[in-house]
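First the structure, in the form of structure tokens, and then the observations on it.
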Amino acid sequence: MATSSKPIGRLKARLAELCTLTLHYARLFTLVVIDESEYRKKSQLAARLLDIFQAVANMERWAARQFHSSSLIVSWSDHLDPGKLDILPNGRVDQEALQALLEEVWRAIGATQASMMDICSSSREFVHWTPIVKSLVPACLSMPSGFAAFSRIDFLPQNKTIRTAIKRVTGPCASSLDPSFSREYSLQDYMAPVRADSLDLVVPYFWTLSTREAMVCDSCLLSSFEYDGLPLRFHQDMAQQAADEARHAVMYLDLAIELMPAYLASANADDRTAIIIREFLDGTGRLPVPKEGNLYPCMWHASLEERLVIMQIATEGEAVSATRRAIDSSLAQTFPSVKRAFEVDYYDEVAHTRIGTRWLRHLRPDARLRKTAIEEAALLKGVLLLTCFLSDDDRSNVTTLMDRYGSDERAGPRTFFLDRSTPECQRDQGRGGSQGFP
Amino acid sequence: MSTLVRQLGSGETMIFDKVKRELFIVSKGERATTIDDARKLHSEGRASMFTKSQLGAINSALSHIVLLGE
């Protein structure tokens, strides 16, 4: 790229470079967050990612004000196209390769910032910009003093030909669960617990919900990682929602744990859920969740439009009124922490529905086409959900599952936490432990 | 774009006819990139077809699976 020899031209070019490098760092960092299984760490990492995207937004604003630069349309540079790099062999994150790449980009960010500082300090005209340039890079990416800032990366021009949303790469095909959980029952046989006003159902509901919140975090980051051709604001929205959802994952798991003593106080000693909880609190057991994990494959198989419709607009949008009612439920009145959690969730769900609406409008400005996109996503939701039932078995396929679910032969699923016929329950009955079963 | 083509984790290919709202699932190992390919493979028994009402039935059968809360 031709760079002006005048300080102003060089500063403008370096700022564009800094912006692009930091943006690449952020999009690569989405993989670090998705790959983190421990929810508390995932939440911290998601918050850091949001800071990095916000730093890019600050750079973009400064570039617009000082140099009248146009808004960013985000795309992977050919130099750092994850599809061409070995960071996702077989759809799984190679942490070592990813960390090496992140470090390389981080050093290039440091080198670019150092170069901008040099230009500012050597020109009387721009010396007052030095503190601004220093503050452009977020604290989590600042170079420690004495650390060598160098770049092996050539300038990374954005691919300016991409002006519409396009799936450039495919993100990780799996997302893991927090170590607190154990995959115990299948959603093909049992329902996951649903929100209820009683402790016996709501405690398992909260811990199960925690896994789903983490999945939504991963789904948002997947969209940011995979899709080119969208404005920076899209990536900021995805990072914001991801940080919210990761925070919710921690909040609901903590809430379940907080309510466990109250549950144990009201349950019979041999109640199956009570046994599970006691073993978990003793550190000898984990909390049972569906074998299908957090349903991440549903979102992995979906397009961006389908993700926005199925998650942000349909799921979160429809949950808003139920969550609003839950704030005034008797459970929330009894436990202030439950009320606070529902309040947090309610306001975030409203914000996330707006995010979904905003970006679906961006992708489908025509109202008629938008309606069609919503109908199509709703129609395909079943097949996307069925992908969560695929196993590693070579014979496992969607056709068989669709044939099975398309027929009327299946009995309605039971609720795992109420089912007396599970092997665990029969084992408990065998040792005379069924009396307290809810 | 009146057709949606996507590779599934199972190795099957999902082809959705947006006009007729019919979904074809093409078996693993078969090559199909257009709706015509899918229809041909379906007529040869190497792809399954699901109508809009069948897709609706599958959605109903899975309605107990809630992605997030309620």
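The values are calculated or read from the model by the stated rules, or taken from the named source; none is laboratory data. From a predicted model like this one, the values you see are computed outputs, not experimental measurements. FYI the Cβ positions are ideal-geometry reconstructions off the backbone, even for glycines, and counts take in every protein chain you see. Note: areas computed on protein heavy atoms with side chains; ligands, DNA, RNA excluded. Shrake-Rupley method; radii C 1.70, N 1.55, O 1.52, S 1.80 Å.
Okay, here's what the table says:
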item	result
Within 10 Å of each Cβ in B:48-59, the average number of Cβ atoms from other chains	5
Compactness relative to 2.2 N^0.38 Å, alpha carbon Rg of region A:293-373	1.31
About the Cα centre, charge dipole magnitude for chain A (Lys/Arg +1, Asp/Glu -1 at Cβ), debye	1660 debye
Relative contact order (%) - chain B, alpha-carbon pairs under 8 angstrom, separation at least six	23 percent
Distance between modelled label sites at A:ARG61 and A:ALA322, nm, 7 Å Cα→Cβ extension	3.8 nm
Rounded to whole Å, sorted largest first: equivalent-ellipsoid semi-axes of region A:25-72, Cα gyration tensor	29, 9, 5
Residue among A:ASP254, A:ASP394, A:ASP118 with the largest mean-square fluctuation in a Gaussian network model of chain A, springs linking Cα atoms under 10 Å	A:ASP394
Over region A:1-94, relative contact order from alpha-carbon pairs under 8 Å, at least 6 apart, %	25 percent
GNM top mover of B:LEU55, B:LEU41, B:LEU23 - chain B, alpha-carbon springs below 10 Å	B:LEU55
Extension gain from A:ALA114 to A:ARG358, taking 0.36 nm per residue of separation minus the Cα-Cα distance	84.1 nm
Which of A:THR334, A:LEU384, B:LEU62, positive extreme of dipole for the protein assembly as shown (C-beta unit charges)	A:LEU384
Phi-based couplings in Hz for region B:37-52 (Karplus 6.51, -1.76, 1.60; Gly and Pro marked x)	4, 5, 4, 5, 5, 5, 5, 8, x, 10, 8, 9, 10, 10, 7, 4
Three-way shape call for region A:185-428 based on the alpha-carbon gyration tensor, with the a/c threshold at 1.5	oblate
Cβ-derived FRET efficiency at R0 25 Å, A:ALA174 paired with A:GLU258, nearest 0.05	0.25
Value of Rg/Rh across chain A [Cα atoms, Kirkwood radius]	1.03
For chain A, share of DSSP beta bridges that run antiparallel, in % to the nearest 5	40 percent
Highest-first arrangement of A:359-369, A:17-27, where packing means the average Cβ count within 10 Å	A:17-27, A:359-369
Region A:302-341, dipole about Cα centre (Lys/Arg Cβ +1, Asp/Glu Cβ -1), debye to the nearest 20	300 debye
Gaussian network model of chain A, springs between alpha carbon atoms under 10 Å - residue of A:ASP403, A:ASP86, A:ASP393 with greatest fluctuation	A:ASP393
Cross-link partners of A:LYS134 among lysines (Cα-Cα below 20 Å; sequence separation of 8 or more within a chain)	A:LYS12
Relative contact order (percent, whole number), chain A, Cα cutoff 8 Å, 6+ residue spacing	19 percent
Shielding score for A:387-398, defined as the mean number of other chain Cβ atoms within 10 Å	4
Per-residue average of Cβ from other chains inside 10 Å of A:192-203	1
Degrees, to the nearest 10: A:317-327 long Cα axis against longest axis of chain A	60 degrees
Residues A:SER121 and B:ARG6, FRET efficiency given R0 of 60 Å [Cβ-Cβ distance, rounded to 0.05]	0.70
Fraction of accessible area attributable to carbon and sulfur, region A:7-149 (%, probe 1.4 Å)	49 percent
Global size of region A:7-149 as Cα Rg and Dmax, reported in angstrom	16.0, 53
Violating pairs (Cα-Cα greater than 28 angstrom) within the set A:LYS41/A:LYS291; A:LYS167/A:LYS371; B:LYS20/B:LYS40; A:LYS167/A:LYS381; A:LYS6/A:LYS167	A:LYS6/A:LYS167
